[in-house]
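The values are calculated or read from the model by the stated rules, or taken from the named source; none is laboratory data. These numbers come from a predicted model, not from an experiment. Ideal geometry is used to build each Cβ from the backbone, glycine not excepted, and the neighbour counts take in all protein chains shown. For accessibility, only protein heavy atoms count, side chains too; no ligands or nucleic acids. Shrake-Rupley method; radii C 1.70, N 1.55, O 1.52, S 1.80 Å.
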Amino acid sequence: MSLQVQGLVKHFDGVKAVNGVTFTVEPGECVALIGPNGAGKSTTFACIAGQHPPTAGQVLWNGERIDGLRPAQRLQRGIARTFQVAQTFEALTVLQNVQLLTQYPRGLAAYNVLDSGDSQPASALLEQVGLHNLAHAEAQDLPYGAKKRLELAMALAGRNTGLLLLDEPAAGLATEERATLMALVKSLTQPQAGRAGTAVLYTEHNMDAVFGVADRVLVLIDGAIAAQGTPDEVASDATVRQCYLGQWWEKPLHA
Ligand code: ADP
Ligand code: MG
């Protein structure tokens, strides 16, 4: 159950957003894709999840090429994603948002039976992300941190989610909320009931959401991987310090 990204290229007219990116993510691994704004993180994600067709290169999941498949076909194969700005169904309750996806095999027909369907799987997911107390609140009334957690529950709702793609899962959260959410993300990679842990690939532009969370870090700069390794290895990499980390590591000292 591994993700293989091989020579991925994505150009938008003249903009070379992703320029030959190769990496793998194994089951149970938590991998962070970090880099400055505009480095190509979201575009790499969109190519893996199916929102953008790659200009060149391949994306394989369990040995099968998926880069030509629609997002819904990737979801059927266990690949789920969240967005940099949380996407939820605003007028539905928290529970209904997750129910729509736990009842996903019914497609839109699930919408008509939200209140009569079995809500147990959705409730269990809300418990897992710590939102059970807000199950009957409308999504539009949630504080942003709770909305990010709802989106995570929705991404986990596929029965066979094997790969979770999280685009800046902690963006817009206060420090304490960030830590809680990242601990939750990390916990998803643990094996459960004899099943291998979920593979998680997340983007981030700060190193602080990487230490203690990511097993491995890929540093993307100008659409290419400039360094990779454990968080400690990457943090002490000369190129990374010069091109990227130095910019914000040194900032607080001079602020
Ligand atoms: P990151 O997520 O690392 O901040 P993005 O992947 O969003 O970076 O963007 C990488 C580059 O591609 C940027 O220069 C951005 O302006 C450009 N880009 C992203 N999406 C599009 C698009 N749909 N059309 C044109 N250019 C885009
Ligand atoms: Mg982005």
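The phi torsions of the range 170-177, fed into the Karplus equation with coefficients 6.51, -1.76 and 1.60 and a -60° offset, translate into couplings of 9, 4, x, 9, 6, 3, 5, 5 Hz, rounded to whole numbers, with Gly and Pro shown as x.
For the chain, DSSP calls about 55 percent of its internal beta bridges antiparallel.
For the range 223-236, putting each phi into the Karplus relation 6.51 cos²θ - 1.76 cosθ + 1.60 with θ = phi - 60° gives couplings of x, 9, 7, 8, 6, 8, x, 5, x, 5, 4, 5, 5, 9 Hz, in residue order, rounded to whole numbers and with x for Gly and Pro.
Answer rounded, prolate or oblate for the range 35-103, using the Cα gyration tensor with square roots of eigenvalues a ≥ b ≥ c: rounded when a/c is under 1.5, else prolate when a/b is larger than b/c, else oblate.
In terms of gyration-tensor shape, oblate.
Could you list, in their original order, any pairs among 41/186; 16/186; 147/186; 10/186; 10/147 whose Cα atoms are separated by more than 24 Å? Violating the 24 Å limit, Cα to Cα: 16/186; 10/186; 10/147. With Cα atoms as the point set, the radius of gyration and Dmax of the range 1-149 evaluate to 17.6, 51 Å. Between the amide H of residue 226 and those of 219, 220, 221, distances stay under 5 Å, these residues lying 5 or more places away or on another chain, with hydrogens modeled in the peptide plane. Rolling a 1.4 Å probe over the protein heavy atoms gives the chain an accessible area of 46 Å² per residue.
Highest mean packing first, where packing is the average number of other Cβ atoms within 10 Å per residue, the peptides 79-86, 171-178 line up as 79-86, 171-178. Annotation: amide H of residue 33 within the under-5 Å range of 202, 203, 204, 218, sequence separation 5 or more or interchain, hydrogens built in the peptide plane. Calculate the translational D of the range 141-220 in whole µm² s⁻¹ from Stokes-Einstein, where the hydrodynamic radius comes from the Kirkwood formula applied to all Cα pairs, the temperature is 20 °C and the viscosity 1.002 mPa s. In µm²/s, the coefficient rounds to 161. For the range 4-43, evaluate the Debye formula with one uniform point scatterer on each Cα (no solvent term) and list log10 I(q)/I(0) at q = 0.16, 0.33 Å⁻¹, rounded to two decimals. Log10 of I(q)/I(0), two decimals: -0.46, -1.18. Computed over the range 121-255, the Cα gyration tensor eigenvalues convert (square root of 5λ each) into semi-axes of 30, 19, 11 Å, ordered from largest to smallest.
What residue among 195, 70, 149 has the largest mean-square fluctuation in a Gaussian network model of the chain, using Cα springs under 10 Å? With Cα springs under 10 Å in the chain, the top fluctuation among 195, 70, 149 is at 195.
Dividing the Cα radius of gyration by the Kirkwood radius, what Rg/Rh value follows for the chain?
Here Rg/Rh amounts to 0.97.
Of the residues 13, 237, 141, the one with the largest accessible area comes first in the ranking 13, 141, 237, computed with a 1.4 Å probe on protein heavy atoms. Within the accessible surface of the chain, defined with a 1.4 Å probe on protein heavy atoms only, the carbon and sulfur portion equals 52 percent.
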